[in-house]
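*Asks:* Just passing along the structure, written as structure tokens.
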Ligand code: HEM
């Protein structure tokens, strides 16, 4: 099978270059690769509404259709023809014919995402997990605590102005990956779907349990955030504090969040940067921090943006913003803590991701509504 040979060649490639850094055994050996052999099917059907409630749902559907029609017309007149009116009905915050979805309903959505992550193993380094995580982060990281704008309530990246921002290059792959799941569970808002998918990707890549609750509403194109709210990898510590401080994060949280760069890579056709951060690109570990501290990092001489490479193998990379975490002494304290103890990192990563995916959401539920979803076995 092409998949097997591809997985093997990836493994060989990684093994050839990895020996110098293979210092960590992932807490859970939950790389997506080995799971591929044990695919299973899931019960993903959404419950059908009872016939007694049919008129109510019929009426609601008519209102929604009319609403969607209006949105389609309004958006078309704004020359945003690329927007699918069906998606726009969700932008208006449509829920379902389900009544109030239960935790088990969301578990079914989780299972469907996890199944797609296992099945679609030909993408990039063998998983959509990293790009899905990046989607959830970019959808949430636009938050501005002073104005209350942006954040994970809205998924305004569905619309051209925001979807076309340079920082979001490549995320269409993640948005498209989640479309069939939304078609299967049309009652879930995109805002809940994208953030739940990020949590699912982390868990399925061997990361920590992450608490998540529903309650986000989609918003229309008028809520798109301006370009420039996400970090620029070529900058330093002041920039990181400025960007993440605007979201409400402190030094420890900035360092914990950056640990997401334990997984996967930069692509020249997206950000212009190139290369892997670690030798285990689809498994969540604390190797990112270990490498930052243990390796010597030199500026790469190449015809591309300013980035660093490891002196030993010259096959790994760090962005200037990653490197800033060891140059700044307050950031560095946390890098050292996480490099020393993977469990501490995973716990604090879990907490900060749970906060990240809630930025800007006026929840009507309390902390008790937050649940950890079951991973695939
Ligand atoms: C600290 C500031 C950050 C900067 C400057 C930054 C920048 C970047 C850049 C330039 C890429 C490469 C994109 C590409 O070429 O495909 C990338 C990838 C990635 N980033 Fe970040 N990022 C930051 C923080 C974060 C955070 C907070 C998370 C998640 C919590 C995250 C998750 C990821 C992931 C998973 C990828 C790999 C995506 C893929 O392989 O498709 N990053 N980041």
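*Asks:* Kindly provide the set of residues from segment 139-163 that are surrounded by fewer than 20 Cβ atoms within 10 Å (Cβ to Cβ) and within 26 Å of residue 121 (Cα to Cα), ordered by number.
*Replies:* Within segment 139-163, just 163 meets the criteria.
*Asks:* Conditions first: (1) within 15 Å of the ligand (Cβ to nearest atom); (2) within 19 Å of the chain's Cα centre (by Cα); (3) in a loop (DSSP other than H, G, I, E, B). Residue 198 passes all but one, so which condition is the exception?
*Replies:* If we test residue 198 against (1) within 15 Å of the ligand (Cβ to nearest atom); (2) within 19 Å of the chain's Cα centre (by Cα); (3) in a loop (DSSP other than H, G, I, E, B), just (3) comes out false.
*Asks:* Still on this structure, I have one more. Within segment 278-301, does at least one residue satisfy the condition of being at positive phi and part of a loop (DSSP other than H, G, I, E, B)?
*Replies:* So far as segment 278-301 goes, no, none of its residues is at positive phi and part of a loop (DSSP other than H, G, I, E, B).
*Asks:* While we're here: Testing residue 235 on (1) buried (at least 19 other Cβ atoms within 10 Å of the Cβ); (2) over 23 Å from residue 201 (Cα atoms); (3) near the ligand (Cβ under 9 Å from one of its atoms), one condition comes back false. Which one is that?
*Replies:* Condition (1) is where residue 235 drops out.
*Asks:* Here's another thing I want to ask about it. Among residues belonging to segment 257-275 that are within 9 Å of the ligand (Cβ to nearest atom) and not in a loop (DSSP other than H, G, I, E, B), point out the one that is nearest to residue 163 (Cα to Cα). Give the derivation first.
*Replies:* Let us first name the residues in segment 257-275 that are within 9 Å of the ligand (Cβ to nearest atom), namely 257-274.
Going one step further and asking which of them are not in a loop (DSSP other than H, G, I, E, B), we end up with 257-262, 265-266.
Numbers: 257: 22, 258: 22, 259: 25, 260: 22, 261: 22, 262: 25, 265: 20, 266: 18 Å.
Filtering segment 257-275 for residues that are within 9 Å of the ligand (Cβ to nearest atom) and not in a loop (DSSP other than H, G, I, E, B), the one nearest to residue 163 (Cα to Cα) comes out as 266.
*Asks:* Among the residues of segment 352-367, which ones are away from the ligand (no atom under 12 Å from the Cβ) and surrounded by fewer than 19 Cβ atoms within 10 Å (Cβ to Cβ)?
*Replies:* 362, 363, 364, 365, 366, 367
*Asks:* Next question. Across segment 301-314, what is the total count of residues that are surrounded by fewer than 19 Cβ atoms within 10 Å (Cβ to Cβ) and within 16 Å of the ligand (Cβ to nearest atom)?
*Replies:* Matching residues across segment 301-314 total 4.
Throughout, read-outs are computed from the coordinates displayed, never taken from laboratory work. These figures come from a predicted structure and were not determined experimentally. Note that each Cβ is placed from the backbone with ideal geometry, even for glycine, and that neighbours are counted across all protein chains shown.
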